[in-house]
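Below is one structure, written out as structure tokens; the observations come after it.
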Amino acid sequence: QVQLVGSGGGLVRAGGSLRLSCAASGSIFSINDMGWYLQAPGKQRALVARITSGGSTNYADSVKGRFTISRDNAKNTVSLQMNSLKPEDTAVYYCAADMVNRRYWGQGTQVTVSS
């Protein structure tokens with residue numbers, strides 16, 4: 001059994017910053033990619049940023065230059081530093097970890113950006 005627990009969401013004004021964190025625990029063998037996804041009301045879940053175990057990253061075009069993903073392989077954690085936030089970034093953010101051909105999801109954390 002693997003659990004992902006995310007934290008760090010909240011309410012911020014446009015132009016502000018938030019940092020999301022997520023920790024994996026349980027029966028962890030080897031984590032491949034870790035990432036963050038968002039889901040806005042009425043929309044499908046979409047990739048925000050992803051990072052491989054070797055540190056390679058990719059980002060959605062909408063967040064490039066504003067968000068930075070990082071991970072600590074020893075601690076099985078992944079973080080997302082979000083700067084210059086915009087109202088359109090408002091969504092529930094989910095962390096994810098890929099292990100042995102399965103994706104595990106965190107519980108989701110709400111990010112709300114006011115204009």
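The values are calculated or read from the model by the stated rules, or taken from the named source; none is laboratory data. Fair warning: this is a prediction, and the values are worked out from it, not measured in the lab. When we count neighbours, we look across all protein chains shown, and the Cβ atoms used for this are built from the backbone with ideal geometry, even at glycine. Calculation scope for accessible area: heavy atoms of the full protein, side chains included, ligands and nucleic acids excluded. Shrake-Rupley method; radii C 1.70, N 1.55, O 1.52, S 1.80 Å.
Taking a ≥ b ≥ c as the square roots of the eigenvalues of the alpha carbon gyration tensor, the stretch 57-110 is prolate, as a/c is not under 1.5 and a/b beats b/c.
Between 40, 74, 60, the GNM of the chain built on Cα springs shorter than 10 angstrom shows 74 fluctuating the most. The simple spin-label model puts a point 7 Å past each Cα toward its Cβ; for residue 83 and residue 13 those points are separated by 1.9 nm.
Heavy-atom accessible surface of the chain, averaged per residue, reaches 53 Å², computed with a 1.4 Å probe.
Projecting label points 7 angstrom from Cα along Cα→Cβ for residue 112 and residue 2 puts them 3.2 nm apart. Measuring nothing but protein heavy atoms, the accessible surface of the chain at 1.4 Å probe radius is 47 percent carbon and sulfur. For the stretch 28-35, backbone phi angles converted through the Karplus equation (6.51, -1.76, 1.60; θ = phi - 60°) give residue-by-residue couplings of 9, 9, 7, 8, 8, 6, 10, x Hz, Gly and Pro being listed as x. For the stretch 28-64, the list of trypsin sites (Lys or Arg not before Pro) that fall in a loop by DSSP and count at most 16 other C-beta atoms within 10 angstrom reads 43, 45, 64. In vacuum, with every alpha carbon of the chain counted as one equal point scatterer, what does the Debye formula give for log10 I(q)/I(0) at q = 0.18 Å⁻¹? Two decimals, please. One equal scatterer on each Cα of the chain leads to -0.84. A Gaussian network model of the chain, with springs between Cα atoms under 10 Å, assigns the largest mean-square fluctuation among 32, 101, 83 to 101.
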